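Since the structure comes first, as structure tokens, the remarks are kept for the end.
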Amino acid sequence: LDGDAYHQEYIERLKANERLIMQDRYGYSGELPPARFNLARYCLERAARITPDKVALIVVSDADAPVRMAEQWSYARLNEAVRRVAAGLRQLGLEPGARIMIRMGNTSDYALLFFGAMAAGYVPLPSSAQLTSEEADFLLDNSGAQVIAMSDELVMAPPPGVIALGPADLVSWRAEHAPLDYADTAAYDPAFLVYTSGTTGQPKGVLHAQRSAWGRRPMYQGWYGIRPDDVILHAGAFNWTYTLGVGLTDPWANGATAVLYNGPRDVTVWPTLLEKFRATLFAAVPGLYRQMLKYNDLRAFNLSSLRHGLTAGEALTVALLEQWRTTTGK
């Protein structure tokens, strides 16, 4: 078979195998994803059309500042900005599926580039701002990324042939380019690439398909109980799949509001943020819940809006769970 025919047959076999596994082995009766599916479109287009003025994203830099001082993005503005960034990326002349490495701090630019790359049909590689230049070099080389986007404080010299971008490029694209329509990707096409931590060897790339967002749907009611009027505060960094999924993808797919904090990492800020932004859901790792209980008097804060906390990343002990329930009633 030539390349295209082989690819198509491979995709058909994947689909058939998935149906057998999900339906026969697990008894899954849910709806499978549409054949044509773009992750960024799925997250943003519907809410931008139905509730354009609703706040989709709040980025907080100063926990003590008034709410109105936080950076806020409506669904209409966010949808347009993502598609303008997509248009800027498309002007680089890359082939569909090209890898784009993101080496940025916890700013809205990270989210715009991550979703903008997928909107254009490219594959973003979110990386941690804590990586050394040598570690970042490995990811860049191993992934075959043709573009690296860097914050000013994380600039490194890319190898020959790799295009370097900075925050100024995103600003100019948002000002100069007309919004690009979302790429007509298939559900099984690559969407984004993440790397393991490498604790037992070299980091390994884990490729996620566009349909990975659809695969999160059972959590909407099975874990979150998520509603469009929810305000989800996530304590993670932008590069974590936990943050990109629970902190952005799922809230936006449900028309909710996502709140992220990029100020100093002081454990005492979280109850303040929960109270100030009237968060209904809070997501963190168990270790942060433990620190919150140790270094804050949570009873002194108005957490009446909070329905429950979400946890992932490590095992949650029964003792910690009971302490949280006893202290907060959540």
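The values are calculated or read from the model by the stated rules, or taken from the named source; none is laboratory data. Since this is a predicted model, take the numbers as computed values, not measurements. Every residue, glycine among them, receives a Cβ derived from its backbone with ideal geometry; neighbour counts consider all protein chains shown. Just the protein is used for accessible areas: all its heavy atoms, side chains included, with ligands, DNA and RNA removed. Shrake-Rupley method; radii C 1.70, N 1.55, O 1.52, S 1.80 Å.
Structure above, values below:
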{"quantity": "Selection count where residues are in contact with a Gly (Cβ under 7 Å, 6 or more places away or on another chain) and either more than 23 Å from residue 258 (Cα to Cα) or aliphatic (A, V, I, L, M) (or both), scope the range 285-323", "calculated": "1"}
{"quantity": "Failed condition for residue 5, given (1) loosely packed, with under 11 Cβ neighbours inside 10 Å; (2) modelled with pLDDT of 75 or more", "calculated": "(2)"}
{"quantity": "Meets criteria (part of a loop (DSSP other than H, G, I, E, B), closer than 22 Å to residue 65 by Cβ, open to solvent by less than 70 Å² (accessible area, probe 1.4 Å) and among the hydrophobic types (A, V, I, L, M, F, W, C)) for residue 306", "calculated": "yes"}
{"quantity": "Count - residues of the range 309-330 that are in a helix (DSSP H, G or I), in contact (Cβ under 8 Å) with a residue 24 or more places away in the chain and either out of contact with any Phe, Trp or Tyr (no Cβ under 8 Å at 6 or more places or on another chain) or not aliphatic (A, V, I, L, M) (or both)", "calculated": "4"}
{"quantity": "Residue that is buried (at least 17 other Cβ atoms within 10 Å of the Cβ) and in contact with a Ser or Thr (Cβ under 8 Å, 6 or more places away or on another chain), where the choices are 75, 110", "calculated": "75"}
{"quantity": "Lone qualifier among 180, 207, 233 - being under 23 Å from residue 85 (Cβ atoms) and not in a loop (DSSP other than H, G, I, E, B)", "calculated": "207"}
{"quantity": "Matching option when the condition is out of contact with any strand residue (DSSP E or B) (no Cβ under 6 Å at 6 or more places or on another chain), outside any helix (DSSP H, G or I) and more than 20 Å from residue 111 (Cβ to Cβ), among 271, 264", "calculated": "264"}
{"quantity": "Some residue of the range 314-328 being in contact with a His (Cβ under 6 Å, 6 or more places away or on another chain) and either surrounded by fewer than 20 Cβ atoms within 10 Å (Cβ to Cβ) or small (Gly, Ala, Ser) (or both)", "calculated": "no"}
{"quantity": "Residue in the range 80-96 that is surrounded by fewer than 17 Cβ atoms within 10 Å (Cβ to Cβ), free of Cβ contacts under 8 Å to residues at least 60 places away in the same chain, not in a loop (DSSP other than H, G, I, E, B) and not β-branched (Val, Ile, Thr) present", "calculated": "no"}
{"quantity": "Output for the range 31-50, where each listed residue is assigned to a helix (DSSP H, G or I) and either more than 18 Å from the chain's Cα centre (by Cα) or in contact (Cβ under 8 Å) with a residue 40 or more places away in the chain (or both)", "calculated": "39, 40, 41, 42, 43, 44, 45, 46, 47, 49, 50"}
{"quantity": "Of all residues making up the range 27-72, the number that are aromatic (Phe, Trp, Tyr) and buried (at least 18 other Cβ atoms within 10 Å of the Cβ)", "calculated": "2"}
{"quantity": "Some residue of the range 188-209 being surrounded by fewer than 15 Cβ atoms within 10 Å (Cβ to Cβ) and aliphatic (A, V, I, L, M)", "calculated": "yes"}
